[in-house]
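Before any comments, here is the structure.
Derivation of every value follows stated rules applied to the coordinates shown; laboratory data play no part. Since we're looking at a predicted model, the values are computed, not measured. Every residue, glycine as well, gets a Cβ built from its backbone with ideal geometry; the counts of neighbours run over all protein chains shown.
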Amino acid sequence: MKLFEIAYTCRLYGEFTDFDATYGRFLANTTPTFDILDHKHRKALLVWLNSWGCRQFALNFHDKASEHLENWGQENLTSLPPAGASLLILTDIDFVNAGTLYVGLRDLQASVRQRNSNSYTVTFGPTGAAKTLFALRNQVFPPWDESIRVRLGYDGSQESYIGYLQWVRRELREVVADAEAHGLSASDIPNTLNRPFSSLPKLVDEYNWVTITKGCKPPRLEDINNWWRWARPMDPASDNPPLIYGKG
């Protein structure tokens with residue numbers, strides 16, 4: 001994944017979705033950082049997950065789902081990567097631990113549904129688990145949606161989640177290397193792309209949403225070169241290539 005590719009797709013993501021607004025409200029309601037042991041923060045999480053398409057969290061079951069989350073947090077909070085950790089530097093042991101955290105969340109009860117007079121449990125599932133981990137450590141865990149997960153060949157298992165984390169890290173390392181070649185540090189990337197509230201893992205999710213969910217691929221370098229050429233004024237006195245603005 002190249003820097004220009006993620007820049008192009010994240011710009012489209014920001015322009016054509018309302019996900020930024022709902023995510024922004026979640027961040028505002030959980031400032032300075034999401035605390036899974038805080039009832040109001042858990043409520044904000046569930047409202048945000050609903051807004052991001054997680055229909056498994058039925059409104060009339062939010063209190064019970066919140067209780068399950070609190071219990072999970074009490075048991076697992078110390079197993080999370082430390083605040084400020086980065087996906088770019090996770091160890092093999094960290095990946096194994098992430099898989100365990102993911103499975104524990106994936107199998108939590110999100111709600112109960114009725115079908116033909118029978119009730120059955122609905123769990124957080126792969127999407128709800130990944131997005132909850134993202135809320136807890138957004139510099140480490142990327143969110144994913146079912147369409148993205150399926151298209152990339154991940155089945156929602158513990159092993160597939162670890163595989164996805166490793167894939168996102170490889171892509172981010174390529175982006176960061178490309179950015180550094182252009183004088184940008186990894187921490188510069190979100191602000192430079194006008195995505196100040198998006199962590200690096202979230203930028204990859206935005207790329208996936210645009211390219212996979214919406215099927216909009218980044219332009220070819222040939223296209224970009226043509227756009228740049230067309231955007232520059234022509235020298236009317238010659239057949240030379242267009243002039244750079246401000247230069248003769």
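Before moving on, here are some points about what is shown:
- For log10 I(q)/I(0) by the Debye sum over Cα atoms at q = 0.09, 0.16 Å⁻¹, calculated from these coordinates, the label among (1) -0.46, -1.08; (2) -0.45, -1.21; (3) -0.53, -1.20: (2)
- Averaging the sequence gap over all C-alpha pairs within less than 8 Å and six or more residues apart, then dividing by the number of residues, gives the stretch 3-219 a relative contact order of 25 percent.
- Were the residues from Arg55 through Gln74 laid out at 0.36 nm apart, the gain over their Cα-Cα distance would be 4.3 nm.
- Once the chain from Ala186 to Asp92 is taken as fully extended at 0.36 nm per residue, the excess over their C-alpha distance is 31.7 nm.
- Helix 221-231 and the long axis of the chain differ in direction by around 60°, with both axes built from C-alpha atoms.
- Exposure proxy order (Cβ contacts within 10 Å, fewest to most) of Thr211, Thr127, Thr132, Thr22: Thr22, Thr211, Thr127, Thr132
- Ordering Trp167, Trp144, Trp72 from the fewest to the most neighbouring beta carbons within 10 Å gives Trp167, Trp72, Trp144.
- Counting only alpha carbon atoms, the long axis of helix 62-76 and the longest principal axis of the chain meet at about 80°.
- Entries in Lys64/Lys214; Lys40/Lys217; Lys64/Lys131 that, when Cα-Cα distance is taken, lie over 28 Å: Lys64/Lys214; Lys40/Lys217
- Here Phe16, Phe95 are placed in order of increasing Cβ neighbour count within 10 Å, fewest first, which gives Phe16, Phe95.
- Nearest-ten-degree value, helix 158-181 long axis tilted from longest Cα axis of the chain: 30
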